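Engineer: Mind having a look at this structure? Questions to follow.
All of the numbers you see were taken from the coordinates with simple rules; none came from a lab. This is a predicted model, so every value here is computed, not measured. Positions of Cβ are generated from backbone atoms using ideal geometry, with glycine treated the same way; all protein chains shown enter the neighbour counts.
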Amino acid sequence: MPWCPKCGAEFRAGFTVCNTCRLPLIDHRPDGTECLPAADEPEEKWLRDDARRDRLLRILRVLAVLLIALAAALLLREI
């Protein structure tokens with residue numbers, strides 16, 4: 001069974017990369033003596049850009065809902 005050298009998770013046969021650590025799996029249970037490869041970039045740039053865009057869109061949606069609610073409250077107050 002393959003194992004992750006960093007987190008120690010065990011995988012079924014056929015897996016080659018840890019889905020959490022993104023490291024190549026080893027064929028024995030890690031004992032702490034394994035050399036871990038240097039960490040890659042945490043995410044691709046386009047993924048970070050998508051996350052920023054999604055966060056901005058969420059903020060804009062909340063502001064739009066608040067403005068609509070405020071406008072409705074003001075209109076109902078005048079009636």
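Engineer: Quick one: net charge around Glu34, please, counting Lys, Arg +1 and Asp, Glu -1 for every other residue with C-beta under 15 Å from its C-beta.
Structural biologist: Computed value for this residue: -1.
Engineer: If you count, for each residue, the other Cβ atoms within 10 Å and average over each peptide, how do 2-15, 20-33 line up from highest to lowest?
Structural biologist: Put in order of decreasing packing, that is 2-15, 20-33.
Engineer: Let me ask something additional. By the scheme Lys and Arg +1, Asp and Glu -1, what is the net charge of all other residues having a beta-carbon under 14 Å from that of Phe11?
Structural biologist: +2
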